[in-house]
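Enquirer: Input: one structure, supplied below.
Each value in this text was obtained by applying a stated rule to the coordinates, not by laboratory testing. The structure presented is a predicted model; accordingly, all values stated were derived computationally and were not measured. Here the Cβ is made from the backbone with ideal geometry for all residues, glycine too, and neighbour counts use every protein chain on show.
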Amino acid sequence: MSTAFVLLTVGLTLFAAGSWVALNIRGVAASLERRAAANAERMMHARGDLGPARRVASVGFYRFLGTVIALCGSVFTLGGLLESL
């Protein structure tokens, strides 16, 4: 496989996944927040701590990470396009 093909594939995949979270399509960022909170609560219960779970990350944080991932995906895609020239 050529480097251009790999960069284009990885770049487009990252761009699609990051955009999905950054734009909060179908409530993806909100469900990631709920999942993180549920996992934190399960870990606390497994340790025997019955107090309230700490809030790990907010919806805004996941949307910010999605934006960063989408931007990195566009850089990979542009790199793949330049490599193919």
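Enquirer: Name the helices (runs of 4 or more DSSP H) wholly within the chain that hold at least 2 residues that are in contact with a Pro (Cβ under 8 Å, 6 or more places away or on another chain) and not acidic (Asp, Glu)?
Expert: none
Enquirer: Among the residues of segment 56-85, write down those that are touching a helix residue (DSSP H, G or I) at 6+ places or on another chain (Cβ under 7 Å), without any contact (Cβ under 8 Å) to a residue 40 or more places away in the chain and not β-branched (Val, Ile, Thr).
Expert: 57, 58
Enquirer: Further question: Looking at segment 49-58, can you tell me whether even one residue there is surrounded by 14 or more Cβ atoms within 10 Å (Cβ to Cβ), under 26 Å from residue 22 (Cα atoms), under 17 Å from the mean Cα position of the chain (by Cα) and of a type outside the set (S, T, N, Q)?
Expert: So far as segment 49-58 goes, yes, one or more of its residues are surrounded by 14 or more Cβ atoms within 10 Å (Cβ to Cβ), under 26 Å from residue 22 (Cα atoms), under 17 Å from the mean Cα position of the chain (by Cα) and of a type outside the set (S, T, N, Q).
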